[in-house]
Structure formats: C-alpha cells, structure tokens
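Working notes, beginning with the structure itself.
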Amino acid sequence: MRSWAEPVVPRLPGLGDLPALHDTSTGTVHPTEVDGSSAGLYVCGITPYDATHLGHASTYLAFDTLLRVWRDAGVEVVYAQNTTDVDDPLLERATATGVDWRELADGQTDLFRSDMQHLAVVPPTHYVAVTEVVTDVADAVARLLDRGLAYPVPTDASSAGDDLYFDVRAAERDTDWHLGLESRYDADTMARFFAERGGDPDRPGKRDPLDPLLWRAARDDEPSWPTTLGAGRPGWHIECTVIAQQHLDVPITVNGGGSDLVFPHHEMSTAHGTALTGRPYAVHHTHTGMVGYQGEKMSKSLGNLVKVSELVAAGHDPRAVRLALLAHHYRADWEWFDAELAAAEQRLGRWVAWAATSDGGAVAATAPTPLVVGLRSSLADDLDTPSALDAVDAVVSRGTAPSEVDVDAVQALLGIDLRA
Ligand code: 5CA
Ligand code: ZN
C-alpha cells in the first residue's frame, strides 16, 4: 500500500551511537542489538477510524525518533507497519455511522498519511493493509493447524464454518514461548487485559480462556475473503505477525507499539511468530506510555480525542505539535493540556529566530558540533527527547549564531525543520 512522502533528513558529520532502549520483556534499558548494520522495525499501525489523535501521534513519533537515531548511527532500517483495515471495532463504527467500512478505512488512512506527513514522520518502508495479506494469513493459520497449535471452535448456523483459535497451552508445550514471556504480567492481569482488549475469555468451546482468535469464519453481514481455510477474515494478532515476518528478518530487531498492546496483542503476536518460525519473534519489545486527556487515556472508545488534523486546521504549526509531543519521554504516561501547545509554539519561535541568525554555512563542519554531540547522547539514552529539547534550549538561549550543522541536527534528529 502507498505510504507517504519522506521528509528531508540531513546527514550529520560523524556517526551517532547505537541507542539503548527499554525492553518490556526484561524491564531494562539495554543497547539495541543490530545485526551487522541493519535493523528491522515493526510498529503496529492504526485501526483506521478516529485518526490521528495525539496518543497515536506520540507513539509514532517515539519510533520515528528511534529510526532517526539508528540512521544517524549508520544503521540501515527496514521499517514495516500495518493498518488494521478490517476488524470488529472498525466494522462496528462503520455500521453505527452508516458508512461503508472500506470508505471509512480508506478515508481515515488518507488522513493518517497526511497527519504523518505534517509531523515529518519518516514513512515505513512497507506499509501494509491487512486486507492485502488475507491469503497469507490463511496460509499461516493452516500451518499452525498442521502443527497442532490451532483448533476449530464451532459457530452458529449463520457462519460459513468454524472459527479457529490458537492453543496457548499447546504452544507453551511445543515452542520456546510461554505466557508472560514478553509482558511479565501475572495471571490476573492477563485475564483482565484479555477481556478488556478484544479477547473473548468466555466463548464456549475454547480450550483455554486466553486462547486468541486466529481466523473468523465468514458471517452473512461481515466482509470475508475466499481462502484455503474457507471464507473468513484474519484475527488481530496473527495479522501483525504475518506482515512483520513477510518484510523483516526474524527475529525483528524492535517490535513496538503503545503499552496498551503489550497484552494480549504483542504477547500473542510473539507466540504466533515463534510457532511459525521456531525462532524468537523480536529482540526488543518496546512500548510507549499512554497520552491522557481530561483525566482518562485518550481513546476512541471514550471519545476524548485531540486530533492532529484539527490542530493543524485551526492554524497551529505542525512543528509545534511535534515539539509538544517530544517534550514528554516516550515511556511516560502523561496528560495533554492545551497549554502544552502554546509553550511549544513559543519554543519553536525561539528556535526559528535562532536558526535565522545562522551564518549560512561559511564553516563547512566536518566534525560534530557540541550540539550534535549533546543531542546524540540524550537520544541514545532510551530516546530521551525532553533532554534533547533542553540541549537545544541551552544553546539557543546562549544567543550564539548556529552553524548549519546545528540547524541540520535539529532537523535530522528531532524532525523539526527550522528553515521552513
Ligand atoms: N491496529 C491496532 C494495532 S495492530 C491498534 O492498536 N490501532 S489503534 O489505532 O488503536 O492504535 C494505534 C497505535 O496508537 C497503537 O500503537 C496504540 O498503542 C497507540 N495508542 C492508542 N492510544 C494511545 C494513547 N492514548 N497514547 C499513546 N499511544 C496510543
Ligand atoms: Zn499490531
């Protein structure tokens, strides 16, 4: 699927350090293990309705920062992202608003692309819709069935066949994966999140309450595709496994998303992926904190959303939106207040005025400037963007005219073009 236009990312003198990154499965920050000089990044994409709120944007900016830091360290990054363009919540929204689900998904995916472009987010190398890989998902599920890791659960007469579920206990017996490997959650927490986040613990016919859906047989009033499994559509977790393993080397260097995806989504994607390849799914499992608004997590289900496109339409500079989000550490849970944007606009104004005093590259720097060194060191430390912004503030407030390299560094590493 088409992604969006690549922003300009200037090359800086010298090479940055490989970043250290928090890993959910160990609970520690450690260096990203890059295979040779290339890394594979998978980040879960949107379910295209109510796009793009500041929570989404904040998550994609975190992984955009990782990608920029890796590139600056000389790493070639292959980046894959999905869009969940068919799934229950999307279909429910389409029905509730009387819109065709495809139109809803297409329109919202377009909006997401334009928001990402406004925010100067580097596009994924492979941007893949679930509807593009239905046959591949069916093939993967068939392999899990053959291995005895999937089983049918009967449906009522309105459907075209059985639904298929992943057998968590069989996978624990037959593979190197086990429940909690990635999330480290206890049984009660897993049970709660499974029920809250799209799971169906009480469905009759399941072998274990936590077994996740792999394949949903066609229903009369739902979209479906003909496959070797019969007509149906993919379950949620397997879609990401299949897209990631199609485009990235196994294990993926970093598998990422918001912390609301730790369980069951990423735990189960990891389970499926380990079962399909016999190898660990990802080296790092990295999760962003949740952005809140009006006292709750910003979420489509609550409707407490601040959208990138609305801020831009109201005349706010998308660079200020980006700066406002980067002012928070990616792992923190934090709450959005409108004053954040006003503060970011002022900061942007100071930075732009500083950049305008640049002497126009009279000195072609071949060595990293102190600002480049400072930015690299903040960002290599678990993507510490608040410290990186402080480092720019400190140089700006000194009032010395920047070199072109300093202005380039803000654009390359923080994604803010001060010459625009
Ligand atoms: N399509 C699935 C992933 S396969 C999905 O979770 N879509 S989503 O539209 O609900 O979320 C897209 C991304 O934004 C996910 O990584 C999710 O964790 C993240 N996200 C959602 N809400 C917030 C929030 N309030 N703060 C930070 N990140 C969020
Ligand atoms: Zn996903």
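The values are calculated or read from the model by the stated rules, or taken from the named source; none is laboratory data. Since the model is a prediction, treat every value here as computed from it, not as a measurement. Neighbour counts run over all protein chains shown; Cβ positions are idealised from the backbone, glycine included.
Miscellaneous remarks
- Inside region 247-276, residues that are surrounded by fewer than 24 Cβ atoms within 10 Å (Cβ to Cβ) and more than 12 Å from ligand 1 (Cβ to nearest atom) make up a count of 7.
- Residue within region 32-54 that is of a type in the set (A, V, I, L, M, F, W, C) and surrounded by fewer than 21 Cβ atoms within 10 Å (Cβ to Cβ) present: yes
- Condition check for V43: under 18 Å from A244 (Cα atoms) and within 16 Å of ligand 1 (Cβ to nearest atom): yes
- Of all residues in region 67-85, those that are within 16 Å of ligand 2 (Cβ to nearest atom) and either assigned to a strand (DSSP E or B) or in contact with a Cys (Cβ under 7 Å, 6 or more places away or on another chain) (or both) total 5.
- Condition broken by R331, with the remaining ones in (1) surrounded by fewer than 23 Cβ atoms within 10 Å (Cβ to Cβ); (2) assigned to a helix (DSSP H, G or I) satisfied: (2)
- Scan of region 236-261 for residues that are part of a strand (DSSP E or B), touching a Ser or Thr at 6+ places or on another chain (Cβ under 7 Å) and not small (G, A, S), ordered by number: T253, V254
- Filter pass, P264 being within 27 Å of W101 (Cα to Cα) and touching a Gly at 6+ places or on another chain (Cβ under 8 Å): yes
- For region 156-172, the condition of being of a type in the set (S, T, Y), in the same structural domain as L229 (by TED's automatic domain parsing) and closer than 28 Å to A187 by Cβ holds for at least one residue.
- Qualifying residue in region 357-373 (condition: among the small types (G, A, S) and modelled with pLDDT of 95 or more): no
- Test: residue in region 45-56 that is more than 16 Å from ligand 2 (Cβ to nearest atom) and in a helix (DSSP H, G or I): yes
- Residue in region 197-209 that is in the same structural domain as A142 (by TED's automatic domain parsing), touching a residue at least 40 places away in the same chain (Cβ under 8 Å), surrounded by fewer than 19 Cβ atoms within 10 Å (Cβ to Cβ) and within 16 Å of ligand 1 (Cβ to nearest atom) present: yes
- In region 305-328, the residues that are assigned to a loop (DSSP other than H, G, I, E, B) and either surrounded by fewer than 16 Cβ atoms within 10 Å (Cβ to Cβ) or in the same structural domain as Y49 (by TED's automatic domain parsing) (or both): A314, G315
- Whichever residue in region 73-104 is within 11 Å of ligand 1 (Cβ to nearest atom) and touching a Leu at 6+ places or on another chain (Cβ under 8 Å) and, among such residues, is modelled with the lowest pLDDT: L90
- Selected residue (criterion: surrounded by the fewest Cβ atoms within 10 Å (Cβ to Cβ)) from residues of region 122-154 that are farther than 23 Å from Q245 by Cα and in contact (Cβ under 8 Å) with a residue 24 or more places away in the chain: P154
- Some residue of region 20-40 being farther than 21 Å from S183 by Cβ, within 17 Å of the chain's Cα centre (by Cα) and of a type in the set (A, V, I, L, M): yes
- Complete set of residues in region 24-40 that are of a type in the set (S, T, N, Q) and outside any loop (DSSP other than H, G, I, E, B): T28, S38
- Residue check, T109 surrounded by fewer than 16 Cβ atoms within 10 Å (Cβ to Cβ) and in a helix (DSSP H, G or I): no
- Given (1) assigned to a helix (DSSP H, G or I); (2) without any contact (Cβ under 8 Å) to a residue 60 or more places away in the chain, index of the condition L379 fails: (2)
- Qualifying residue in region 219-232 (condition: within 18 Å of D87 (Cβ to Cβ), of a type outside the set (V, I, T), within 16 Å of ligand 2 (Cβ to nearest atom) and surrounded by 24 or more Cβ atoms within 10 Å (Cβ to Cβ)): no
- Failed item in (1) at pLDDT below 95; (2) surrounded by 16 or more Cβ atoms within 10 Å (Cβ to Cβ); (3) out of contact with any Lys or Arg (no Cβ under 6 Å at 6 or more places or on another chain), with S159 passing the rest: (3)
- Single match in G257, G289 (criterion: away from ligand 2 (no atom under 12 Å from the Cβ) and either small (G, A, S) or without any contact (Cβ under 8 Å) to a residue 24 or more places away in the chain (or both)): G289
- Among the residues making up region 83-121, those that are within 26 Å of Q245 (Cβ to Cβ), free of Cβ contacts under 8 Å to residues at least 60 places away in the same chain and aliphatic (A, V, I, L, M) are L90, A105.
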